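Asks: First the structure, which I've put down as structure tokens, then a few questions once you've had a look.
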Amino acid sequence: MKSLFAFLIICLPLSIFSQSWVDLGLKGAWGGDFVLNGNLFNDNTYNHKLSSGYSFGGKVGFNFNQEHEVTFDAMFTAFKQGFTYSVEDTVNNVTTNYASEFGFNAVHLILMYRRNKNGSYFEFGPCISLLQSPYFKDEGGGNCYGR
């Protein structure tokens, strides 16, 4: 009986962690950026410009077995959105077009639980986004929406 108990104590932890592994990965993305704002869409003087952004980072995952994993991702993101808008001078009957742009950089820290099953997966968890270096440029000298 003592030898069976000793065998289970030695082999059970080895069998539990025998299928565990750590994976590392790099992530990257590039694509279009777009701001959805009802006030800007309903204002005929504002026109959205085609804008793009990018993101890059990495992932560390601890796989308990084939189905369960905990991952930590860190992503660095750059976002921008450009606009053109027109200001009408009713006294001189002149319309002037200006360009404006706003954007920011951000760091996203993501901790997720992932369940893999039959070639698909489901994941959920918290994300903390740290906004860095926001900016706003306006050719119209600050005459932007909400003036």
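Taken together, the values in this text are just the output of simple stated rules run on the coordinates, not laboratory data. Because the structure is a prediction, the values reported are computed rather than measured. All Cβ positions, even for glycine, are placed from backbone atoms using ideal geometry, and neighbour counts span all protein chains on display.
Asks: Identify all residues within the stretch 20-58 that are surrounded by 12 or more Cβ atoms within 10 Å (Cβ to Cβ), in contact with a Ser or Thr (Cβ under 8 Å, 6 or more places away or on another chain) and in a strand (DSSP E or B); write none if there are none.
Replies: Listed by number, the residues that qualify are 27, 33, 46, 47, 53, 54, 55.
Asks: Look through the stretch 65-117, keep the residues that are surrounded by 14 or more Cβ atoms within 10 Å (Cβ to Cβ) and aromatic (Phe, Trp, Tyr), and return whichever of them is farthest from the chain's Cα centre (by Cα).
Replies: Step by step, filter the stretch 65-117, then rank; the result is 98.
Asks: Test of understanding: among 140, 61, 103, which residue is closer than 30 Å to residue 47 by Cβ, out of contact with any Leu (no Cβ under 7 Å at 6 or more places or on another chain), of a type in the set (Gly, Ala, Ser) and in a strand (DSSP E or B)? Talk me through it step by step, then tell me what you get.
Replies: Details: 140 fails: in a strand (DSSP E or B); 61 fails: closer than 30 Å to residue 47 by Cβ.
Unique residue meeting the criteria: 103.
Asks: Hey, can you tell me all the residues within the stretch 118-129 that are closer than 22 Å to residue 79 by Cβ and surrounded by fewer than 10 Cβ atoms within 10 Å (Cβ to Cβ)?
Replies: Selection gives 126, 128.
Residue-wise test of (1) assigned to a strand (DSSP E or B); (2) aromatic (Phe, Trp, Tyr); (3) out of contact with any strand residue (DSSP E or B) (no Cβ under 9 Å at 6 or more places or on another chain); (4) without any contact (Cβ under 8 Å) to a residue 40 or more places away in the chain.
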site	(1), (2), (3), (4)
74	yes, no, no, yes
91	no, no, yes, yes
98	yes, yes, no, no
111	yes, no, no, no
122	yes, yes, no, yes
132	yes, no, no, yes
